[in-house]
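Chemist: Please find one structure pasted underneath; my questions will follow.
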Amino acid sequence: MALIRITNRAQKASYPIRDVEIGARVAALKKKGVKTYELNIGDPGAYDGLYGFAMFKGIKDALVHNIQTNGRFDGYATEQGERVLLEAVAADAKKRGIHDAKPDNVVAGNGLSEIVDYLIGVSVEKGTNMVLPRPDYPLYTARVNWYEGTPRYYDLDPENALQPKVEQIEAAIDGNTFAVVNINPSNPTGAVCTEEKMKAIIDVVKDKGKGNVAILSDEIYRLLRFEGKHVSMASLTKDVPVITLDGLSKGYYAPGWRTGHALFSNFPDDKLKNALVKVCGFRLSANKAVQHAYAHGIRHFSEDDAEARKYLAMLKERANYTSQRLNAIPGIRCVPPKGAFYAFPQLLKGPWKTDKEFVIQLLEEEGVRVVHGSGFAMKPEDRFFRVVTLPDLKTQKEAYDRIERFVKKYG
Ligand SMILES: Cc1ncc(COP(=O)(O)O)c(C=O)c1O
(Lines give C-alpha, C1' and ligand atoms only; values in the text may rest on other atoms or scores of the structure.)
Protein backbone atom coordinates (compact mmCIF):
# COMPACT_ATOMS: atom_id res chain seq x y z
CA MET A 1 0.00 0.00 0.00
CA ALA A 2 1.38 3.39 -0.95
CA LEU A 3 1.62 5.77 1.98
CA ILE A 4 2.03 8.81 -0.17
CA ARG A 5 -0.72 9.22 -2.71
CA ILE A 6 -0.82 11.60 -5.62
CA THR A 7 -4.29 12.39 -6.85
CA ASN A 8 -5.39 11.54 -10.30
CA ARG A 9 -5.93 15.23 -11.06
CA ALA A 10 -2.36 16.07 -10.04
CA GLN A 11 -1.00 13.28 -12.20
CA LYS A 12 -3.00 14.46 -15.19
CA ALA A 13 -2.13 18.14 -14.71
CA SER A 14 0.58 19.81 -16.78
CA TYR A 15 1.79 23.36 -17.24
CA PRO A 16 3.42 23.92 -20.62
CA ILE A 17 5.13 27.26 -19.94
CA ARG A 18 7.22 25.62 -17.25
CA ASP A 19 7.30 22.20 -18.99
CA VAL A 20 9.40 19.96 -16.77
CA GLU A 21 10.87 17.79 -19.54
CA ILE A 22 11.97 20.80 -21.59
CA GLY A 23 13.24 22.53 -18.45
CA ALA A 24 15.46 19.49 -17.76
CA ARG A 25 16.82 19.64 -21.31
CA VAL A 26 17.68 23.34 -20.86
CA ALA A 27 19.45 22.56 -17.58
CA ALA A 28 21.44 19.77 -19.26
CA LEU A 29 22.47 22.08 -22.12
CA LYS A 30 23.57 24.78 -19.69
CA LYS A 31 25.59 22.24 -17.73
CA LYS A 32 27.43 21.39 -20.96
CA GLY A 33 28.18 25.10 -21.40
CA VAL A 34 25.78 25.62 -24.34
CA LYS A 35 24.45 29.17 -24.66
CA THR A 36 20.65 29.15 -24.40
CA TYR A 37 17.97 31.69 -25.36
CA GLU A 38 14.90 31.29 -23.17
CA LEU A 39 12.04 32.90 -24.99
CA ASN A 40 9.48 31.06 -22.90
CA ILE A 41 8.63 32.98 -19.73
CA GLY A 42 6.55 36.16 -19.77
CA ASP A 43 8.39 37.71 -16.86
CA PRO A 44 9.73 41.25 -17.35
CA GLY A 45 11.87 40.79 -14.24
CA ALA A 46 13.38 37.46 -15.35
CA TYR A 47 17.06 36.70 -14.95
CA ASP A 48 17.60 39.27 -12.20
CA GLY A 49 16.30 42.16 -14.26
CA LEU A 50 18.32 41.34 -17.38
CA TYR A 51 15.64 42.67 -19.75
CA GLY A 52 15.94 46.23 -18.38
CA PHE A 53 12.50 46.53 -16.75
CA ALA A 54 11.79 47.17 -13.06
CA MET A 55 8.88 48.10 -10.82
CA PHE A 56 8.30 51.88 -10.92
CA LYS A 57 10.43 53.73 -8.40
CA GLY A 58 7.62 55.58 -6.59
CA ILE A 59 5.88 52.29 -5.81
CA LYS A 60 9.11 50.68 -4.63
CA ASP A 61 9.63 53.65 -2.30
CA ALA A 62 6.07 53.21 -0.98
CA LEU A 63 6.78 49.55 -0.18
CA VAL A 64 10.05 50.41 1.58
CA HIS A 65 8.19 53.01 3.61
CA ASN A 66 5.48 50.48 4.52
CA ILE A 67 7.81 47.79 5.75
CA GLN A 68 9.81 50.28 7.80
CA THR A 69 6.73 51.71 9.54
CA ASN A 70 6.49 50.13 13.00
CA GLY A 71 4.32 47.03 12.76
CA ARG A 72 1.44 48.62 10.89
CA PHE A 73 1.83 46.55 7.72
CA ASP A 74 3.20 43.37 9.26
CA GLY A 75 -0.05 41.64 10.13
CA TYR A 76 -2.62 39.81 8.01
CA ALA A 77 -4.80 41.83 5.68
CA THR A 78 -8.54 41.25 5.52
CA GLU A 79 -9.43 38.27 3.32
CA GLN A 80 -11.16 40.42 0.69
CA GLY A 81 -8.22 42.80 0.48
CA GLU A 82 -7.07 46.00 2.14
CA ARG A 83 -9.72 48.71 1.95
CA VAL A 84 -7.22 51.20 0.54
CA LEU A 85 -6.55 48.89 -2.42
CA LEU A 86 -10.22 48.06 -3.02
CA GLU A 87 -10.95 51.80 -3.08
CA ALA A 88 -8.07 52.59 -5.42
CA VAL A 89 -9.05 49.81 -7.87
CA ALA A 90 -12.70 50.89 -7.87
CA ALA A 91 -11.91 54.60 -8.33
CA ASP A 92 -9.55 53.86 -11.23
CA ALA A 93 -12.11 51.53 -12.88
CA LYS A 94 -14.79 54.18 -12.56
CA LYS A 95 -12.51 56.73 -14.24
CA ARG A 96 -12.15 54.27 -17.10
CA GLY A 97 -15.90 53.99 -17.59
CA ILE A 98 -16.86 50.97 -15.46
CA HIS A 99 -20.03 52.63 -14.24
CA ASP A 100 -20.91 50.56 -11.16
CA ALA A 101 -17.35 50.02 -9.85
CA LYS A 102 -17.25 50.16 -6.06
CA PRO A 103 -14.78 48.95 -3.41
CA ASP A 104 -17.14 46.28 -2.03
CA ASN A 105 -17.08 44.59 -5.44
CA VAL A 106 -13.28 44.19 -5.56
CA VAL A 107 -11.46 41.10 -4.25
CA ALA A 108 -7.66 41.06 -4.02
CA GLY A 109 -5.32 38.08 -4.08
CA ASN A 110 -1.68 37.03 -4.11
CA GLY A 111 -1.44 37.43 -7.85
CA LEU A 112 -4.28 37.17 -10.34
CA SER A 113 -3.59 33.43 -10.67
CA GLU A 114 -4.81 32.89 -7.11
CA ILE A 115 -8.04 34.78 -7.73
CA VAL A 116 -8.65 32.87 -10.99
CA ASP A 117 -8.08 29.59 -9.16
CA TYR A 118 -10.55 30.43 -6.38
CA LEU A 119 -13.10 31.91 -8.77
CA ILE A 120 -13.15 28.79 -10.94
CA GLY A 121 -13.17 26.69 -7.77
CA VAL A 122 -16.36 28.34 -6.55
CA SER A 123 -18.12 28.20 -9.93
CA VAL A 124 -17.04 25.14 -11.88
CA GLU A 125 -17.62 21.48 -11.12
CA LYS A 126 -18.45 18.27 -12.96
CA GLY A 127 -21.14 18.89 -15.55
CA THR A 128 -20.34 22.60 -15.96
CA ASN A 129 -18.19 24.29 -18.56
CA MET A 130 -16.26 27.45 -19.32
CA VAL A 131 -15.79 28.95 -22.76
CA LEU A 132 -12.13 29.85 -23.36
CA PRO A 133 -10.17 31.43 -26.19
CA ARG A 134 -8.00 29.17 -28.34
CA PRO A 135 -5.12 29.82 -27.98
CA ASP A 136 -5.82 30.27 -24.28
CA TYR A 137 -3.65 31.26 -21.36
CA PRO A 138 -3.10 27.77 -19.92
CA LEU A 139 -4.12 28.68 -16.37
CA TYR A 140 -7.77 28.67 -17.46
CA THR A 141 -7.73 25.24 -19.08
CA ALA A 142 -5.66 23.84 -16.19
CA ARG A 143 -8.00 25.12 -13.50
CA VAL A 144 -11.23 24.15 -15.28
CA ASN A 145 -9.85 20.61 -15.61
CA TRP A 146 -8.66 20.65 -11.98
CA TYR A 147 -12.22 21.34 -10.81
CA GLU A 148 -13.60 18.67 -13.20
CA GLY A 149 -15.41 21.09 -15.47
CA THR A 150 -15.13 21.05 -19.25
CA PRO A 151 -13.19 23.67 -21.21
CA ARG A 152 -14.89 24.66 -24.46
CA TYR A 153 -13.08 26.82 -26.97
CA TYR A 154 -13.61 29.57 -29.49
CA ASP A 155 -10.85 30.38 -31.97
CA LEU A 156 -8.85 33.56 -32.30
CA ASP A 157 -8.73 33.89 -36.06
CA PRO A 158 -5.20 34.30 -37.55
CA GLU A 159 -6.87 35.35 -40.83
CA ASN A 160 -8.52 38.25 -39.01
CA ALA A 161 -5.85 39.78 -36.74
CA LEU A 162 -6.48 37.04 -34.14
CA GLN A 163 -9.93 38.38 -33.32
CA PRO A 164 -12.41 36.08 -31.55
CA LYS A 165 -14.80 34.02 -33.68
CA VAL A 166 -17.90 35.18 -31.87
CA GLU A 167 -20.20 32.68 -33.60
CA GLN A 168 -18.23 29.91 -31.90
CA ILE A 169 -18.84 31.55 -28.50
CA GLU A 170 -22.53 31.55 -29.28
CA ALA A 171 -22.43 27.87 -30.22
CA ALA A 172 -20.48 26.92 -27.08
CA ILE A 173 -22.73 28.54 -24.44
CA ASP A 174 -25.38 26.31 -22.89
CA GLY A 175 -27.30 26.02 -19.63
CA ASN A 176 -24.20 24.70 -17.82
CA THR A 177 -21.81 27.47 -18.82
CA PHE A 178 -20.33 29.52 -15.99
CA ALA A 179 -18.43 32.08 -18.02
CA VAL A 180 -16.79 33.16 -21.26
CA VAL A 181 -13.16 34.24 -20.92
CA ASN A 182 -11.67 37.05 -22.99
CA ILE A 183 -7.99 38.00 -22.59
CA ASN A 184 -7.22 41.47 -23.86
CA PRO A 185 -4.47 42.20 -24.82
CA SER A 186 -3.91 38.50 -25.34
CA ASN A 187 -1.43 36.12 -23.93
CA PRO A 188 -0.20 34.23 -26.01
CA THR A 189 -0.81 36.27 -29.19
CA GLY A 190 -0.26 39.93 -28.27
CA ALA A 191 -3.48 40.75 -30.18
CA VAL A 192 -5.83 43.50 -29.02
CA CYS A 193 -9.57 42.73 -29.17
CA THR A 194 -11.53 45.37 -31.09
CA GLU A 195 -14.38 47.24 -29.44
CA GLU A 196 -16.71 45.86 -32.10
CA LYS A 197 -15.80 42.27 -31.18
CA MET A 198 -16.16 43.01 -27.46
CA LYS A 199 -19.65 44.36 -28.07
CA ALA A 200 -20.48 41.26 -30.12
CA ILE A 201 -19.29 39.02 -27.23
CA ILE A 202 -21.46 41.00 -24.81
CA ASP A 203 -24.46 40.56 -27.12
CA VAL A 204 -24.12 36.78 -27.47
CA VAL A 205 -23.52 36.31 -23.75
CA LYS A 206 -26.61 38.38 -23.08
CA ASP A 207 -28.78 36.48 -25.58
CA LYS A 208 -27.61 32.96 -24.90
CA GLY A 209 -26.53 33.34 -21.28
CA LYS A 210 -29.82 34.92 -20.20
CA GLY A 211 -28.22 36.54 -17.15
CA ASN A 212 -26.64 33.27 -15.94
CA VAL A 213 -23.32 33.52 -17.77
CA ALA A 214 -20.54 35.95 -16.85
CA ILE A 215 -17.71 37.35 -18.93
CA LEU A 216 -14.29 36.98 -17.33
CA SER A 217 -12.34 39.80 -18.85
CA ASP A 218 -8.65 39.24 -18.18
CA GLU A 219 -7.08 42.67 -18.66
CA ILE A 220 -3.77 42.09 -16.92
CA TYR A 221 -1.92 43.47 -19.98
CA ARG A 222 -4.16 46.53 -20.35
CA LEU A 223 -1.35 49.01 -19.71
CA LEU A 224 0.83 47.35 -22.35
CA ARG A 225 -0.98 48.37 -25.51
CA PHE A 226 1.28 49.87 -28.18
CA GLU A 227 -1.27 52.20 -29.82
CA GLY A 228 -4.46 53.79 -28.49
CA LYS A 229 -6.06 53.49 -25.07
CA HIS A 230 -7.35 50.28 -23.55
CA VAL A 231 -11.12 49.78 -23.42
CA SER A 232 -12.47 47.65 -20.57
CA MET A 233 -15.14 45.10 -21.41
CA ALA A 234 -17.18 46.17 -18.36
CA SER A 235 -17.29 49.77 -19.60
CA LEU A 236 -19.34 48.58 -22.60
CA THR A 237 -22.29 47.02 -20.76
CA LYS A 238 -24.63 47.96 -17.96
CA ASP A 239 -26.40 44.62 -17.71
CA VAL A 240 -24.17 41.65 -18.62
CA PRO A 241 -22.20 40.34 -15.58
CA VAL A 242 -18.49 41.00 -16.08
CA ILE A 243 -15.58 40.16 -13.79
CA THR A 244 -12.62 42.35 -14.67
CA LEU A 245 -9.35 40.63 -13.82
CA ASP A 246 -6.20 42.69 -13.37
CA GLY A 247 -3.12 43.10 -11.22
CA LEU A 248 0.35 44.57 -10.97
CA SER A 249 2.32 41.73 -12.54
CA LYS A 250 2.57 42.99 -16.10
CA GLY A 251 1.68 46.69 -16.33
CA TYR A 252 3.88 47.43 -13.32
CA TYR A 253 6.61 45.00 -14.41
CA ALA A 254 6.70 43.16 -11.07
CA PRO A 255 5.06 39.71 -11.20
CA GLY A 256 7.13 38.63 -8.21
CA TRP A 257 5.23 41.07 -6.00
CA ARG A 258 2.14 38.81 -6.37
CA THR A 259 -0.94 41.01 -6.26
CA GLY A 260 -4.00 40.79 -8.47
CA HIS A 261 -7.71 41.46 -8.21
CA ALA A 262 -11.21 40.87 -9.54
CA LEU A 263 -13.88 43.53 -9.92
CA PHE A 264 -17.52 42.38 -10.18
CA SER A 265 -19.85 44.43 -12.40
CA ASN A 266 -23.56 44.05 -13.17
CA PHE A 267 -24.18 41.08 -10.89
CA PRO A 268 -27.76 40.91 -9.61
CA ASP A 269 -26.57 39.96 -6.10
CA ASP A 270 -23.40 39.30 -4.06
CA LYS A 271 -23.60 35.49 -3.96
CA LEU A 272 -20.65 34.72 -6.22
CA LYS A 273 -18.46 37.45 -4.77
CA ASN A 274 -19.27 36.34 -1.21
CA ALA A 275 -18.39 32.73 -2.07
CA LEU A 276 -15.08 33.95 -3.49
CA VAL A 277 -14.34 36.01 -0.36
CA LYS A 278 -15.18 33.02 1.84
CA VAL A 279 -12.65 30.88 -0.04
CA CYS A 280 -10.10 33.72 0.15
CA GLY A 281 -10.40 33.30 3.91
CA PHE A 282 -8.79 29.84 3.61
CA ARG A 283 -5.45 31.51 2.91
CA LEU A 284 -6.16 34.22 5.48
CA SER A 285 -4.99 37.14 3.39
CA ALA A 286 -2.95 38.48 0.52
CA ASN A 287 0.33 40.32 1.19
CA LYS A 288 -0.54 43.42 3.19
CA ALA A 289 2.47 45.70 2.65
CA VAL A 290 2.36 45.14 -1.12
CA GLN A 291 -1.36 45.86 -1.30
CA HIS A 292 -0.76 49.25 0.29
CA ALA A 293 2.15 50.03 -2.04
CA TYR A 294 0.07 48.98 -5.05
CA ALA A 295 -2.82 51.19 -3.91
CA HIS A 296 -0.35 54.08 -3.76
CA GLY A 297 0.73 53.19 -7.29
CA ILE A 298 -2.80 53.11 -8.68
CA ARG A 299 -3.50 56.52 -7.16
CA HIS A 300 -0.26 58.21 -8.19
CA PHE A 301 1.01 56.36 -11.24
CA SER A 302 -0.06 57.24 -14.76
CA GLU A 303 0.60 55.44 -18.02
CA ASP A 304 1.75 58.82 -19.32
CA ASP A 305 4.63 58.99 -16.81
CA ALA A 306 8.12 59.01 -18.33
CA GLU A 307 9.09 55.60 -16.86
CA ALA A 308 5.95 53.91 -18.19
CA ARG A 309 6.32 55.51 -21.62
CA LYS A 310 9.96 54.47 -21.85
CA TYR A 311 9.16 50.84 -21.04
CA LEU A 312 6.25 50.72 -23.45
CA ALA A 313 8.45 52.09 -26.24
CA MET A 314 11.00 49.37 -25.49
CA LEU A 315 8.28 46.70 -25.60
CA LYS A 316 6.93 48.00 -28.89
CA GLU A 317 10.34 48.09 -30.54
CA ARG A 318 11.12 44.56 -29.34
CA ALA A 319 7.72 43.20 -30.43
CA ASN A 320 8.09 44.80 -33.88
CA TYR A 321 11.55 43.31 -34.23
CA THR A 322 10.20 39.86 -33.32
CA SER A 323 7.45 39.86 -35.93
CA GLN A 324 9.72 41.34 -38.63
CA ARG A 325 12.35 38.69 -38.08
CA LEU A 326 9.83 35.85 -37.95
CA ASN A 327 7.93 36.99 -41.04
CA ALA A 328 11.21 37.27 -42.96
CA ILE A 329 11.77 33.52 -42.52
CA PRO A 330 10.21 31.56 -45.39
CA GLY A 331 7.71 29.11 -43.90
CA ILE A 332 6.79 31.14 -40.81
CA ARG A 333 3.79 33.40 -40.42
CA CYS A 334 3.40 35.78 -37.48
CA VAL A 335 0.56 38.23 -36.86
CA PRO A 336 2.35 41.35 -35.48
CA PRO A 337 1.49 41.85 -31.79
CA LYS A 338 -0.30 45.03 -30.73
CA GLY A 339 0.35 44.71 -27.01
CA ALA A 340 1.64 42.53 -24.14
CA PHE A 341 5.00 40.79 -24.70
CA TYR A 342 4.29 37.73 -26.80
CA ALA A 343 3.96 36.65 -30.41
CA PHE A 344 2.35 33.45 -31.65
CA PRO A 345 3.85 32.40 -34.99
CA GLN A 346 2.93 29.36 -37.07
CA LEU A 347 5.18 27.07 -39.07
CA LEU A 348 3.80 26.61 -42.55
CA LYS A 349 6.40 24.14 -43.75
CA GLY A 350 9.16 21.84 -42.54
CA PRO A 351 9.38 18.18 -41.56
CA TRP A 352 8.12 18.48 -37.97
CA LYS A 353 4.88 16.57 -37.41
CA THR A 354 4.04 18.38 -34.19
CA ASP A 355 4.82 21.69 -32.53
CA LYS A 356 6.66 19.93 -29.70
CA GLU A 357 8.92 18.04 -32.11
CA PHE A 358 9.95 21.42 -33.56
CA VAL A 359 10.40 22.98 -30.11
CA ILE A 360 12.64 20.17 -28.83
CA GLN A 361 14.79 19.98 -31.95
CA LEU A 362 15.20 23.76 -32.03
CA LEU A 363 16.30 23.71 -28.41
CA GLU A 364 18.73 20.82 -28.85
CA GLU A 365 20.32 22.17 -32.05
CA GLU A 366 20.28 25.92 -31.49
CA GLY A 367 19.69 26.41 -27.75
CA VAL A 368 16.54 28.47 -28.34
CA ARG A 369 13.59 27.71 -26.05
CA VAL A 370 10.05 28.59 -27.20
CA VAL A 371 6.70 27.12 -26.07
CA HIS A 372 4.71 24.67 -28.19
CA GLY A 373 1.29 25.95 -29.29
CA SER A 374 -0.47 22.82 -28.06
CA GLY A 375 0.33 24.06 -24.55
CA PHE A 376 -2.18 26.83 -25.34
CA ALA A 377 -4.86 24.37 -26.48
CA MET A 378 -3.90 24.42 -30.18
CA LYS A 379 -3.70 21.24 -32.26
CA PRO A 380 -0.09 19.93 -32.19
CA GLU A 381 -0.13 19.38 -35.96
CA ASP A 382 -1.00 23.04 -36.59
CA ARG A 383 2.51 23.85 -35.37
CA PHE A 384 2.08 27.15 -33.58
CA PHE A 385 4.59 28.27 -30.99
CA ARG A 386 4.85 31.18 -28.57
CA VAL A 387 7.81 33.49 -28.21
CA VAL A 388 8.35 36.13 -25.54
CA THR A 389 9.36 39.50 -26.99
CA LEU A 390 10.97 40.87 -23.80
CA PRO A 391 14.71 40.35 -24.52
CA ASP A 392 16.79 43.25 -25.83
CA LEU A 393 17.42 43.50 -29.57
CA LYS A 394 20.95 42.09 -29.41
CA THR A 395 19.74 38.92 -27.66
CA GLN A 396 16.76 38.69 -29.98
CA LYS A 397 19.00 39.05 -33.03
CA GLU A 398 21.12 36.12 -31.91
CA ALA A 399 18.02 34.02 -31.15
CA TYR A 400 16.32 34.81 -34.48
CA ASP A 401 19.51 34.24 -36.46
CA ARG A 402 19.47 30.76 -34.97
CA ILE A 403 15.77 30.15 -35.60
CA GLU A 404 16.23 31.35 -39.18
CA ARG A 405 19.23 29.10 -39.77
CA PHE A 406 17.38 26.13 -38.28
CA VAL A 407 14.13 26.57 -40.25
CA LYS A 408 16.02 27.22 -43.51
CA LYS A 409 18.10 24.08 -42.97
CA TYR A 410 15.05 21.83 -42.72
CA GLY A 411 12.20 23.82 -44.22
C1 LIG B 1 -3.42 36.36 -19.30
C2 LIG B 1 -2.85 36.18 -17.94
N3 LIG B 1 -3.68 36.13 -16.90
C4 LIG B 1 -3.22 35.96 -15.64
C5 LIG B 1 -1.87 35.82 -15.40
C6 LIG B 1 -1.40 35.60 -13.99
O7 LIG B 1 -1.00 36.80 -13.41
P8 LIG B 1 -0.37 36.90 -11.94
O9 LIG B 1 1.09 37.07 -12.09
O10 LIG B 1 -1.01 38.14 -11.34
O11 LIG B 1 -0.74 35.68 -11.19
C12 LIG B 1 -0.97 35.88 -16.45
C13 LIG B 1 0.48 35.69 -16.22
O14 LIG B 1 1.26 35.46 -17.12
C15 LIG B 1 -1.47 36.06 -17.76
O16 LIG B 1 -0.65 36.10 -18.82
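Chemist: Please state which of the following conditions Lys250 fails to meet, knowing it meets all the rest: (1) within 16 Å of the ligand (Cβ to nearest atom); (2) not in a loop (DSSP other than H, G, I, E, B).
Modeler: So Lys250 meets the others, but not (2).
Chemist: Separate question: Scan Gly350, Gly375 and give me the residue that is outside any strand (DSSP E or B), within 16 Å of the ligand (Cβ to nearest atom) and either under 22 Å from the mean Cα position of the chain (by Cα) or more than 17 Å from Thr189 (Cα to Cα) (or both).
Modeler: Answer to the check: Gly375.
Chemist: Now a separate question. Tell me whether region 33-40 contains one or more residues that are in contact with a strand residue (DSSP E or B) (Cβ under 7 Å, 6 or more places away or on another chain), among the polar types (S, T, N, Q) and in a loop (DSSP other than H, G, I, E, B). Please lay out each step first, then the result.
Modeler: Narrowing region 33-40 to residues in contact with a strand residue (DSSP E or B) (Cβ under 7 Å, 6 or more places away or on another chain): 36-40.
Those left that are additionally among the polar types (S, T, N, Q): 36, 40.
So of that shortlist, the ones also in a loop (DSSP other than H, G, I, E, B) come out as 36, 40.
Yes: one or more hits.
Chemist: Ser374 versus (1) among the hydroxyl-bearing types (Ser, Thr, Tyr); (2) assigned by TED's automatic domain parsing to the domain that holds Val84; (3) surrounded by fewer than 23 Cβ atoms within 10 Å (Cβ to Cβ): which is the lone unmet condition?
Modeler: (2)
Chemist: Here's a follow-up. Starting from residues that are polar (S, T, N, Q) and at pLDDT 95 or above, keep the ones in region 294-322 and report whichever is surrounded by the fewest Cβ atoms within 10 Å (Cβ to Cβ).
Modeler: Filtering region 294-322 for residues polar (S, T, N, Q) gives 302, 320, 322.
Those left that are additionally at pLDDT 95 or above: 320, 322.
Working: Asn320: 14, Thr322: 28.
Restricting to residues being polar (S, T, N, Q) and at pLDDT 95 or above, the top hit is Asn320.
Chemist: Could you tell me whether Gly58 is touching a residue at least 12 places away in the same chain (Cβ under 8 Å), more than 16 Å from the ligand (Cβ to nearest atom) and in a loop (DSSP other than H, G, I, E, B)? Working first, answer last.
Modeler: Numbers: touching a residue at least 12 places away in the same chain (Cβ under 8 Å): yes; more than 16 Å from the ligand (Cβ to nearest atom): yes; in a loop (DSSP other than H, G, I, E, B): no.
Criteria not met by Gly58.
Chemist: Could you tell me how many of the residues in region 124-183 are among the small types (Gly, Ala, Ser) and without any contact (Cβ under 8 Å) to a residue 40 or more places away in the chain? Explain how you work it out, then say what you get.
Modeler: Looking only at region 124-183, we keep the residues that are among the small types (Gly, Ala, Ser), and these are 127, 142, 149, 161, 171-172, 175, 179.
Within this subset, residues satisfying the condition of being without any contact (Cβ under 8 Å) to a residue 40 or more places away in the chain are 149, 171, 175.
Adding up the residues that qualify gives 3.
Chemist: Scan Asp48, Asp74 and give me the residue that is acidic (Asp, Glu), surrounded by fewer than 22 Cβ atoms within 10 Å (Cβ to Cβ) and without any contact (Cβ under 8 Å) to a residue 24 or more places away in the chain. It would help to see each step written out before you state the result.
Modeler: Details: Asp74 fails: without any contact (Cβ under 8 Å) to a residue 24 or more places away in the chain.
After applying the criteria, what remains is Asp48.
Chemist: Could you figure out which of (1) β-branched (Val, Ile, Thr); (2) over 17 Å from the mean Cα position of the chain (by Cα); (3) within 16 Å of the ligand (Cβ to nearest atom) isn't true of Ile220?
Modeler: It fails just one condition, (2).
Chemist: Take Val359 and tell me if it is under 20 Å from the mean Cα position of the chain (by Cα), surrounded by 15 or more Cβ atoms within 10 Å (Cβ to Cβ) and in contact (Cβ under 8 Å) with a residue 40 or more places away in the chain. Break it down stepwise before answering.
Modeler: Numbers: under 20 Å from the mean Cα position of the chain (by Cα): no; surrounded by 15 or more Cβ atoms within 10 Å (Cβ to Cβ): yes; in contact (Cβ under 8 Å) with a residue 40 or more places away in the chain: yes.
So Val359 does not fit the description; no.
Chemist: Can you confirm whether region 332-348 contains a residue that is touching a residue at least 12 places away in the same chain (Cβ under 8 Å), outside the structural domain of Ser249 (by TED's automatic domain parsing), of a type in the set (Lys, Arg) and under 17 Å from Glu38 (Cβ atoms)? Before you say what the answer is, go through the steps one by one.
Modeler: Keep residues of region 332-348 that are touching a residue at least 12 places away in the same chain (Cβ under 8 Å), which gives 332-348.
Those left that are additionally outside the structural domain of Ser249 (by TED's automatic domain parsing): 332-348.
Cutting the leftovers down to of a type in the set (Lys, Arg) gives us 333, 338.
Within this subset, residues satisfying the condition of being under 17 Å from Glu38 (Cβ atoms) are none.
No; the residues of region 332-348 include none that is touching a residue at least 12 places away in the same chain (Cβ under 8 Å), outside the structural domain of Ser249 (by TED's automatic domain parsing), of a type in the set (Lys, Arg) and under 17 Å from Glu38 (Cβ atoms).
Chemist: Out of curiosity, is Pro351 surrounded by 24 or more Cβ atoms within 10 Å (Cβ to Cβ), assigned by TED's automatic domain parsing to the domain that holds Ala24 and either on the phi < 0 side of the Ramachandran plot or polar (S, T, N, Q) (or both)?
Modeler: Working: surrounded by 24 or more Cβ atoms within 10 Å (Cβ to Cβ): no; assigned by TED's automatic domain parsing to the domain that holds Ala24: yes; either on the phi < 0 side of the Ramachandran plot or polar (S, T, N, Q) (or both): yes.
It is false that Pro351 is surrounded by 24 or more Cβ atoms within 10 Å (Cβ to Cβ), assigned by TED's automatic domain parsing to the domain that holds Ala24 and either on the phi < 0 side of the Ramachandran plot or polar (S, T, N, Q) (or both).
The values are calculated or read from the model by the stated rules, or taken from the named source; none is laboratory data. Model, not experiment: these values are computed from the prediction. Methodologically, a virtual Cβ is constructed for each residue, glycine included, from the backbone with ideal geometry; neighbour enumeration extends over all protein chains shown.
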